[in-house]
Every structure is written in structure tokens, then in C-alpha cells.
Amino acid sequence: NAGVTQTPKFQVLKTGQSMTLQCAQDMNHNSMYWYRQDPGMGLRLIYYSASEGTTDKGEVPNGYNVSRLNKREFSLRLESAAPSQTSVYFCASRLGTRSYTFGSGTRLTVV
Amino acid sequence: AQSVTQLGSHVSVSEGALVLLRCNYSSSVPPYLFWYVQYPNQGLQLLLKYTTGATLVKGINGFEAEFKKSETSFHLTKPSAHMSDAAEYFCAVSDPGNTDKLIFGTGTRLQVFP
């Protein structure tokens, strides 16, 4: 099925560990996004990529890095995980002015 | 800067009652507006969107929303709630001139009682 695929679905990290969240879309969308969702705070934009080869900071970029590997893939890296990064992470993609398509999320716990 | 305010983090209704979820936005330009629904442990699904044209927008599952520029509002309604409507609902706004950022409200959790 066409859509946005996120891996892994669940992850537990120890403080200071690193990891990369993977996101891939097969809809030929230009723009891709990473959001985090925390209770009572809605979804907040971490980073986005308007097109292949470009990335920009969103509302809460500190502690994260991203890579737009190609048009399909947009990864989010935590270099040194902190408990404050415990959250549910959503990747999304979009073509032009059309609606965003979201992945099913990655639930990350940092202990 | 754009922003979205959702009034009421929790709304409870009886099955068959009217559902009204409130959303007000702040934007310096006519915005694009969206409502998304999130069922437990799932991603976000688009309910409806307003870009241009008719201000009353109909979405999936019997929901609709009306863009009122004078009130800077985009409230979500459904005439008769169903148990399956229980979920979290998010209002979001983007700038047509800078469509790369979708700004979300903090969400409203809808409970439906039998």
C-alpha cells in the first residue's frame, strides 16, 4: 500500500545512546517532515525538507539531526538521547499544496 | 507567526448528541486549515481541509467545518455522535505562501458516552 513507512515502531534507549528513526514514502512527494507528539502539546515540527537536498529547522530542532537521503527517505537522528526526548515521533510527506500523509509513528522511550 | 488554539482539551458527549470542537487560528494571510483525527495508538488521518472556495467543508465520517474569517474560526461539527467517534482531534493551519509548515493545535480528546 502506498504511504509513509516508519521504522522502528517502538524503541527504548538509555540516556546518551544514539539512534536513527527511518522514514520512507512511495508517493513521489517532494516535502517531508518530522514531528514529535507529547501529551497536551499537540504535534510540534522538528525538521522538514521541502525538496531533495534541502532541510530546515522547525519549532523544536535541538538535540536532533536529519538527512534527506533521496526523494523517498528522510531520517531523524538522536546523537545523545535524553529523557526529554521520550515522545511519539511522526513522519509526514506532502506533494505541493496537497494534504499531508502521516506515518503510523515511532514510540520512543529514553530511560 | 501562525498559531492555532483549540478550546477544551476534553469534550464529552452522549451518543446521538451534537459534536462541536472549537478551533481558532491566528494568521496574517488567509490560511489553509485542516482537521485531523487520531485513534488510539495510530497515526493522524485527515478529516477535512479548507484551502479556497466554499467556506463550509464536508469531510469523512459525517464531519464538517466552517471557515469564518471574521471570527478567525474553523470549528468542527457532527450532528450526531457515534461511539466510534471517540478519538483525539487536531486542528492545524498552514500558510499558502509558505506551505511547508503545518502548525497544530494542542488537540481535543472526544469521549462519547452511551
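The values are calculated or read from the model by the stated rules, or taken from the named source; none is laboratory data. What you are looking at is a predicted structure, and each value in this text was computed from that prediction instead of being measured. For neighbour counting, all protein chains shown are included, and Cβ atoms are generated from backbone atoms with ideal geometry for every residue, glycine included. In case anyone asks, the SASA skips ligands and DNA or RNA and just uses the protein heavy atoms, side chains included. Shrake-Rupley method; radii C 1.70, N 1.55, O 1.52, S 1.80 Å.
Which percent of the accessible heavy-atom area of chain B goes to carbon and sulfur, probe 1.4 angstrom?
Working: 2740 of 5380 Å².
Here carbon and sulfur together make up 51 percent of the probe-accessible area.
Sort out for me the Cα centre separation of segment A:44-61 from segment A:1-41, rounded to whole Å.
13
Compute log10 of I(q)/I(0) for chain B with the Debye formula, placing one identical point scatterer on every Cα and leaving out solvent, at q = 0.12 Å⁻¹, to two decimals.
Result of the Debye calculation: -0.38.
More than 25 angstrom separation, counting every C-alpha pair in the protein assembly as shown; what % is that?
Everything past 25 Å amounts to 40 percent.
Amide H neighbours of B:ALA87 under 5 Å, at least 5 residues apart or on other chains, H built in the peptide plane: list them.
The answer is B:LEU110.
I'd like the distance between the alpha-carbon centres of segment A:76-91 and segment B:6-50, rounded to an integer number of Å.
26
Sequence-distant or interchain residues sharing an amide H contact under 5 Å with A:GLY58, placed H: which?
Those qualifying (amide H under 5 Å, at least 5 residues apart or on another chain) are A:TYR47, A:TYR48.
Rounded to whole Hz and in sequence order, give me ³J(HN,Hα) for segment B:63-71 from the Karplus expression 6.51 cos²θ - 1.76 cosθ + 1.60, θ = phi - 60°, writing x for Gly and Pro.
Per-residue couplings from phi come out as 7, 8, 8, 10, 7, 10, 5, 5, 9 Hz.
What does the charge dipole of the protein assembly as shown about its Cα centre add up to, to the nearest 20 debye, if the Cβ of each Lys and Arg holds +1 and the Cβ of each Asp and Glu holds -1?
Roughly 200 debye for the protein assembly as shown.
Going by accessible area, probe 1.4 Å, with all protein chains left in place, what is the ranking of B:VAL93, A:VAL60, largest first?
Of B:VAL93, A:VAL60, the descending order of accessible area is A:VAL60, B:VAL93.
I'd like to know which of A:SER104, A:TYR64, A:TYR33 lies farthest towards the positive end of the charge dipole of chain A, counting +1 on Cβ of Lys and Arg and -1 on Cβ of Asp and Glu.
Most positive-ward Cα: A:SER104.
Total accessible area buried between chains A and B, 1.4 Å probe, in Å² to the nearest 100?
Looking at A and B, the buried total is near 1600 Å².
Quick one: among B:LYS58, B:LYS69, B:LYS78, which has the greatest mean-square fluctuation in a GNM of chain B with alpha-carbon springs under 10 angstrom?
Fluctuation is largest for B:LYS69.
Pick from B:SER12, B:SER26, B:SER70: which is most flexible by mean-square fluctuation in a GNM of chain B where alpha carbon atoms under 10 Å apart are linked?
Evaluated over chain B, the most mobile residue of the options is B:SER70.
Please identify, among A:TYR48, A:TYR64, A:TYR35, the residue showing maximal mean-square fluctuation in a Gaussian network model of chain A using a 10 angstrom Cα cutoff.
Looking only at A:TYR48, A:TYR64, A:TYR35, the largest GNM fluctuation is found for A:TYR64.
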